[in-house]
Amino acid sequence: MDIIEKMRCQDNFTTSELEIIKLLLNDPNILLSSPTAAQLGVAAYTSASTVVRLCKKLDCKNFAEFKTQFISDYQQREQTNLYVDADLPFTATDPPEMVLDQLTALEEIAIRLTRSIIDPKDYQTAVKILNAAACIDVYGEGGNVNLLHDFAYKMGRIHHQVHIHQDNQQQLLTASIKHADHCAIVISYSGETPSILRYAKLMKSNNIPTLSITGQGENSLSKITDVHMNIATLESKPCATVKLGTFTSSISIITIMNYLYAGVFQMNYDVHYEHLNEDLLIFLEDR
């Protein structure tokens, strides 16, 4: 996660720190004209000590390190058009070419960001959990769960069962049963959905290995699951503002599921390849 994404996603900032963040996100170039923490503090109507405290919350040792990292990340985002508005990527008057270009840019950004925030060790742990399970149960609410049907289909073709539970009662019932050979994928953008947290706690008490997929930043769900992966969160938090669609978060979830499928496939590559070959032969016989 780059430092700009940390500034957007974390929610443990004070009011004064949020003013600094707002100032920098609205006008990133101001940092180029503020060579010291004191000068940035003046620009944000706060103090140098508040600026330094913010830098440390963002995992920087001091203001100089923060400034270097921020400018580097900002320039990289500028080069990749990363300032496309993820909530409102097009307007009523944009020509067709611009709509196509903006949405293409958003999807490319979502994929790159998703890759950048995934820890290879966490990825490997998640893949091992999925590969070892006789059945993968999926929990979530809304459109996020619908995005996993393609994953379930792909996994089924290589003989790995995936059950997508969309009914709340079914999710609760399944989570409360101790399936020794099951694992779970739990999706929540906020990581704070009460029903999802309840399911995760039930599965933890039943020793069911669980992978959580949430938006970036600290959240309750990630703390109670065995392994956690982040969705690239370019959009505003749920219900914070009107969105034309959850373009980037949807693409990020699909990307994560493709990563997981690829990882499981690779664990027994030859066997899984043979399963696909068998399916192809059956399909050709039916034509």
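The values are calculated or read from the model by the stated rules, or taken from the named source; none is laboratory data. Keep in mind the model is a prediction, meaning the values are calculated, not measured. Every residue, glycine as well, gets a Cβ built from its backbone with ideal geometry; the counts of neighbours run over all protein chains shown.
Sort out which residues of segment 137-163 are outside any helix (DSSP H, G or I) and under 18 Å from Thr214 (Cβ atoms), and write them in order of number. The answer is Asp137, Val138, Tyr139, Gly140, Glu141, Gly142, Leu147, Leu148.
Any residue that is closer than 11 Å to Tyr261 by Cα, surrounded by 16 or more Cβ atoms within 10 Å (Cβ to Cβ) and within 17 Å of the chain's Cα centre (by Cα) - is there at least one of those in segment 128-147? Checking segment 128-147: not a single residue is closer than 11 Å to Tyr261 by Cα, surrounded by 16 or more Cβ atoms within 10 Å (Cβ to Cβ) and within 17 Å of the chain's Cα centre (by Cα). Looking only at residues of segment 241-267 that are among the polar types (S, T, N, Q) and modelled with pLDDT under 95, we find that the one that is surrounded by the fewest Cβ atoms within 10 Å (Cβ to Cβ) is Thr241. Being part of a loop (DSSP other than H, G, I, E, B) and in contact with a Lys or Arg (Cβ under 7 Å, 6 or more places away or on another chain) is the requirement here; does Asp87 meet it? So Asp87 passes the test.
One residue stands out in segment 131-186 among those that are among the hydroxyl-bearing types (Ser, Thr, Tyr) and out of contact with any Asp or Glu (no Cβ under 7 Å at 6 or more places or on another chain): the one that is nearest to His272 (Cα to Cα), namely Tyr153.
Is one or more of the residues making up segment 156-167 among the aliphatic types (A, V, I, L, M) and under 19 Å from the mean Cα position of the chain (by Cα)? No - not one qualifying residue is present in segment 156-167. Within segment 28-47, at least one residue is hydroxyl-bearing (Ser, Thr, Tyr), more than 14 Å from Met7 (Cα to Cα), modelled with pLDDT of 85 or more and crowded, with 19+ Cβ neighbours inside 10 Å. Here segment 226-240 is the region considered, the condition is being modelled with pLDDT under 70 and closer than 16 Å to Ile109 by Cβ, and the residue that is surrounded by the most Cβ atoms within 10 Å (Cβ to Cβ) is Glu235.
Do the conditions hold for Val127, that is, is it touching a residue at least 40 places away in the same chain (Cβ under 8 Å), among the β-branched types (Val, Ile, Thr) and closer than 24 Å to Ser250 by Cβ? Yes; evaluated as a whole, the condition is true for this residue. Lys67 meets each of the listed conditions (1) surrounded by fewer than 17 Cβ atoms within 10 Å (Cβ to Cβ); (2) modelled with pLDDT of 85 or more apart from (1). When Thr15 is tested against (1) surrounded by 14 or more Cβ atoms within 10 Å (Cβ to Cβ); (2) at pLDDT 90 or above; (3) among the β-branched types (Val, Ile, Thr), just one condition goes unmet, and that condition is (1). Against the list (1) out of contact with any Cys (no Cβ under 8 Å at 6 or more places or on another chain); (2) crowded, with 16+ Cβ neighbours inside 10 Å; (3) in the same structural domain as Met229 (by TED's automatic domain parsing), the condition Lys121 fails is (2). Within segment 97-110, can one find any residue that is in contact with a Lys or Arg (Cβ under 9 Å, 6 or more places away or on another chain) and part of a helix (DSSP H, G or I)? Checked against the condition, which is being in contact with a Lys or Arg (Cβ under 9 Å, 6 or more places away or on another chain) and part of a helix (DSSP H, G or I), segment 97-110 yields at least one hit.
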